[in-house]
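To start, the structure under review is shown below, and the notes come after it.
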Amino acid sequence: MLPWVFLLSLATSISAQRLSGQVGSAFFTTTNDHVAFRIDNEAGEMVLGGTLGLLVGDMSTAMECSDGDLCFSFANGQRLIATAEDHCVRIDWEDDTPADEYKDCFQIENGNHWYGGGGQRYQPWPIEKRNVTNAPFVAQDMLGMGEYGGVLEEYWLSTRGASLHVDKQVPLFFSIDTSTLCFQARVAFPFRGDEARLGYFVCSGTDMLALHNANIDKFLPKPSGIPDELMFRYPIWSTWARYKTVINQTIVMQFSQEILDNEYPNSQLEIDDKWEPCYGDYYFDPVKFPDPATMVQELKDAGFRVTLWIHPFSNNWCDSFDEHPQYFIKDSAGDVGLTTWWAGILAGTLDPTNPATVQWFFDTLNALRDTVGIDNFKFDAGETNWLPLDFVIDVEESLIPDGYTKAYVEMVAPFGPMLEVRVGRATQEKPFWVRMIDKNSVWTGDIAGFDTLIPTLLQFGLIGYPFVLPDMVGGNAYSGDEADKELFIRWLQVNVFMPTIQFSLTPWDYDEETIEICRQMVELHATYADTMIALAREATTTGHPINRPLWWVDPTDPETFTIDSEFLLGDDILVAPVVEQGKVTRDIYLPVGQWQDEADPEHPTYSGPMWLTDYPAPLNVLPYFTRMSP
């Protein structure tokens, strides 16, 4: 609850057929073609203004109605209903007959910035840095054509102390630029139904952090536990980026031996793509892996746990496609619905809304654990763009398509805290890792390049997903792009104070200096693992992210609002890695507090707020600071 009393009042006046009313600190006034809106903070300062009902049409004959705490009705039968609730006002558009669409917009004033929504192409921070026009707000693989990725929440927070939270049943198309943020509800692909509805909360607070804390309790479920602790401490090693699909038992064992020979620690070794004979078989290829149980036991004897890449697809030329069609998503004719994914032109995909599928999937993967000794799984996909076009699933129609993504996470959840997913839709309570989408091995200017790591980390944490698994150090080496030595080391430095580290490309792919610098960085991460685990436990009661934006220390400091290359671990460790190619210095902002330079501990403490210009950061230096006092 915010530290101020939210009062409810309703004052409606009629002047020249213009209606006005107040609900708490929100004010509404009709015009000929829209409803003017504003919401104030407790000091009476406007924190957000808007224009509502932009597609309603003629409002010149608006009338009062009796719903909610304030209600305006219009000639075409549509009604705007406002209701006070906690520190928010709820706004609903309703219609006597099914409406085609609604549109409400909010102004972004100079100096005001917005965060939230979730994973996005060219991940911006703050989000108005990237123009978006009528993008369907659904979980998609943004490496394809979607604007948004697989980890989303209809929640946005502004630096002025206003927030927006849209109902999940809304067929939402989202727009934003530097001056305007808009919601449009429209029943069009990829949504279903015969009626558009628009319902959301507008909230205000003393500042954005106080508001966000109140919103966590209202909108964002807290994690029920924390992920596997060993994965906080030591790196995951994956076969994917280094070997792609060219793996076998010999390669896996050689890879593990390289890790041991170079004296790097591990939390587990992950066997990625193409361990099956055919996609969807869920057993080891007997040619490539003649004795997987012995392989796994040898890996365990050497100190590795072993995880396995899992996906929900079965290509139609694979035996599995014909062996269990009852477990795939069907089309409206009752046949297996065919989809296209990155490793198959025609494939079935498991139906996580079918209880029989969920049980079969659980039993099948548990058999792998029992017979081969696999410890856990990396679950890939789950976005809605992998659904067949004419799909039928057991989800409330108003929650299609993202109800599929939520069901997918629910299906894999029983495998526990070691698992990882790359999607999240209303699943913040799950105590396991949420992975960033595959990153490309480029510095900048890419849909998902190196420069998107910190903005993505901050976005995930803000919308309630604190257990972020960054993608592989150095990226995935797609399309001929390969991380050079500088990019690889800087990438690892960005990861050091994130919750976990994942390697596939290796330090010994470069030179001795890289091996030594990276070993130091891995050791530094392990040094702070207890801090990360403590913050993870804190998240289960507070909902706070492990890694936080700089404004978390002082939500009134405008210098912090647009910084996207620094972040916090908790409240007291500030990380400022080098993120620009060829740079060996950088400017660093220190917010309020006394800051100890941990890269140069002999230096006197700095008194923030202040900028450090041209701070020296050669390739072996990761700048970070500890706040000694507020």
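Where a number appears in this text, it was derived from the coordinates with a stated rule and is not lab data. Values in this document were obtained by computation on a predicted structure and should not be read as measured data. Note: ideal-geometry Cβ built from the backbone for every residue, glycine included; neighbour counts use all protein chains shown.
Note the listed values [x] 57, 27, 20; [y] 43, 33, 18; [z] 39, 31, 23, then indicate which one is semi-axes √(5λ) of the Cα gyration tensor in Å calculated from this particular structure.
Answer label, from the structure shown: [y].
Let me know the Rg and Dmax you get for segment 234-544 when you use only its Cα atoms, in Å.
Cα-based Rg and Dmax for segment 234-544 come out at 19.5, 61 Å.
For the chain, find the longest principal axis of its Cα atoms and tell me its angle to the long axis of helix 208-219, 0 to 90°, nearest 10.
Taking the Cα atoms of the chain, the angle to 208-219 is about 80 degrees.
Could you pull the Rg and Dmax for segment 473-630, using just the Cα atoms, both in Å?
16.0, 47
Taking R0 as 35 Å, what's the FRET efficiency between E397 and A36 from their Cβ-Cβ distance, rounded to 0.05?
Efficiency, rounded to the nearest 0.05: 0.55.
Among M231, W611, N248, flag the residue with its Cα farthest along the positive direction of the charge dipole of the chain, charges on Cβ as +1 for Lys/Arg and -1 for Asp/Glu.
About the Cα centre, the residue reaching furthest to the positive side is W611.
Past 22 Å, Cα to Cα, is the threshold; run K244/K288; K168/K439; K300/K378; K330/K406 against it and keep the listed order.
Correct reply: K168/K439.
Quick check: residue separation of T97 and D207 times 0.36 nm, minus the Cα distance between them. What number comes out in nm?
The span from T97 to D207 would gain 35.6 nm if fully extended.
Using Cα-Cα distances under 8 Å and only pairs 6 or more residues apart, what relative contact order does the chain have, in percent?
Relative contact order of the chain: 11 percent.
Specify which residue in the list F450, G474, V494 is farthest towards the positive end of the charge dipole of segment 234-544, using unit charges on the beta carbon of Lys, Arg (+1) and Asp, Glu (-1), about the Cα centre.
In segment 234-544, that residue is V494.
Run the simple label-point estimate for E109 and T444 please: 7 Å along Cα→C-beta, distance reported in nm.
About 3.2 nm separates the two model spin labels.
Answer rounded, prolate or oblate for segment 356-471, using the Cα gyration tensor with square roots of eigenvalues a ≥ b ≥ c: rounded when a/c is under 1.5, else prolate when a/b is larger than b/c, else oblate.
Oblate, because a/c is 1.5 or more while a/b does not exceed b/c.
Multiplying the sequence separation of A413 and R519 by 0.36 nm and subtracting their Cα-Cα distance, what value in nm do you get? Each step should come with its number before you reach the end.
Values: separation 106, 0.36 × 106 = 38.16 nm, distance 3.30 nm.
Result: 34.9 nm gained on full extension.
Among V336, Q169, P136, flag the residue with its Cα farthest along the positive direction of the charge dipole of the chain, charges on Cβ as +1 for Lys/Arg and -1 for Asp/Glu.
Q169
Using the alpha-carbon centroid of each, what span in Å lies between segment 207-282 and segment 134-183?
Taking the Cα centre of each part, segment 207-282 and segment 134-183 sit 27 Å apart.
To the nearest 20 debye, what is the magnitude of the charge dipole of the chain about its Cα centre, counting +1 on the Cβ of each Lys and Arg and -1 on the Cβ of each Asp and Glu?
Its charge dipole is roughly 560 debye.
Which whole-Hz couplings ³J(HN,Hα) result when phi for each residue of segment 586-599 is put into the Karplus expression 6.51 cos²θ - 1.76 cosθ + 1.60, θ = phi - 60°, listed in order with x for Gly and Pro?
7, 8, 10, 9, 10, x, 4, x, 9, 10, 8, 7, 7, 7
So what is the relative contact order of segment 25-104, in percent, for Cα pairs below 8 Å that sit 6 or more residues apart? List each step's numbers first, then the result.
Values: 149 pairs, mean separation 17.3, N = 80.
So the answer I get is 22 percent.
Could you tell me whether segment 260-301 comes out rounded, prolate or oblate from its Cα gyration tensor? Rule is a ≥ b ≥ c as square roots of the eigenvalues, rounded for a/c under 1.5, then prolate if a/b exceeds b/c, otherwise oblate.
prolate
Is segment 20-219 rounded, prolate or oblate when judged by the Cα gyration tensor, a ≥ b ≥ c being the square roots of its eigenvalues, rounded requiring a/c under 1.5 and prolate requiring a/b larger than b/c?
Values: a/c = 1.78, a/b = 1.17, b/c = 1.52.
It comes out oblate by the Cα gyration axes.
Quick one: Cα centre-to-centre distance for segment 456-533 and segment 372-425, in angstrom?
Computed from Cα coordinates, the inter-centre distance equals 26 Å.
For the pair A356 and V592, how long in nm is the line joining their label points, each one 7 Å along Cα→Cβ?
Result: 6.2 nm between the two label points.
Straight distance only, please: which aspartates and glutamates reach the Cα of K583 with their own Cα at less than 16 Å, same-chain residues fewer than 8 apart left out?
Candidates past the 8-residue exclusion: D451, D484, E486, E566, D614.
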